[in-house]
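To start, the structure under review is shown below, and the notes come after it.
The values are calculated or read from the model by the stated rules, or taken from the named source; none is laboratory data. These numbers were taken from a predicted model, which means no experiment stands behind them. No Cβ is skipped: glycine too gets one built from the backbone with ideal geometry, and neighbour counts run over all protein chains shown.
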Amino acid sequence: MVGSIGNFVVTRVRGLGDYALFVAQSVASALATRRLPSRIARAIYEQGFRCMPVILIVGLFTGLVLGLQGYHVLNRFGSEGLLGALVSLSLVREMAPVLAAIMLVGQAGSALAAELGIQRNSEQIAALETMGVSSHGYLVAPRLIASLVSYPMQTALFVVVGLWGGSLSGSLLLGVDPGVYWSSVERAVKEADVRECFIKALTFGLLTISICAYQGFHAHRVRGSTGARAVSAATTKAVVLSCIAVLAADYVITSFLV
């Protein structure tokens, strides 16, 4: 029993070290990568523009639900005028960065893990390394750099759409004065709240894209699976671990900045 526990711990520590080396090697090889700007632009398109519809839809309905639930909670205390503060702080500090990151993992992160897994199984990555091209710099580094742009951008879009969704719920459905709602938003949101939102977005972007890239890049290491099954297992593991990492990092960042 003790040996099994020790083996489990050693395996997990070795995996964390391997992941850290993977990220470090990807970042270090970025400057030596050819056509880096064009590949970054393509990655921003994949993580940004192509994921925009799901961000708009989820952001709108999140704001609608927050406005609806928040109104009924505040109505118990006669504080309906604080609806804008409740919606804005909930979005900016927590829900927007977390939900936007999870949505991006579900679309862009899973696609990245599957793409790299297929390239690994079809020996395209081995072919790049045979030609002397850094596979980390060519395939992974542009995605990591793009996440520093796309995740904050999508989080900001989520906040804006969510605020309008809360306004629709409060003003059109429940009768809250629009001027009271938006003035409450203006008074509630401070510079520190916006800073926390973007710190979370940057952290979640690096975490999720690096985890998805790592799992897809090493799809051939999946035990008991080969070919399409290995790619499927690596993609599933990438999404699950990324979501867990987002929630864990959210707690850590909040505990330091709250």
query = Taking the stretch 169-201, which residues are modelled with pLDDT of 90 or more, part of a helix (DSSP H, G or I) and surrounded by fewer than 17 Cβ atoms within 10 Å (Cβ to Cβ)?
reply = W182, S183, E186, R187, A188, E191, A192, D193, V194, R195, F198, I199
ask   = Here are some residues: V65, V9, V27, V2. Which one is closer than 25 Å to A156 by Cβ, aliphatic (A, V, I, L, M) and at pLDDT below 90?
value = V27
key: Within the stretch 13-52, considering residues that are under 21 Å from the mean Cα position of the chain (by Cα) and among the charged types (D, E, K, R), the one farthest from I145 (Cα to Cα)   = R50
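Would it be correct to say that A245 is within 21 Å of A141 (Cα to Cα) and free of Cβ contacts under 8 Å to residues at least 60 places away in the same chain? First the steps, then the outcome.
On the way: within 21 Å of A141 (Cα to Cα): yes; free of Cβ contacts under 8 Å to residues at least 60 places away in the same chain: yes.
Yes: the conditions hold for A245.
Do we find that V159 is under 17 Å from the mean Cα position of the chain (by Cα), on the phi < 0 side of the Ramachandran plot, part of a helix (DSSP H, G or I) and modelled with pLDDT of 90 or more in this structure?
On the way: under 17 Å from the mean Cα position of the chain (by Cα): yes; on the phi < 0 side of the Ramachandran plot: yes; part of a helix (DSSP H, G or I): yes; modelled with pLDDT of 90 or more: yes.
Criteria met by V159.
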message = Condition first: β-branched (V, I, T), touching a helix residue (DSSP H, G or I) at 6+ places or on another chain (Cβ under 6 Å), closer than 23 Å to R93 by Cβ and not in a helix (DSSP H, G or I). Can you find one or more residues in the stretch 206-223 that meet it?
response = no
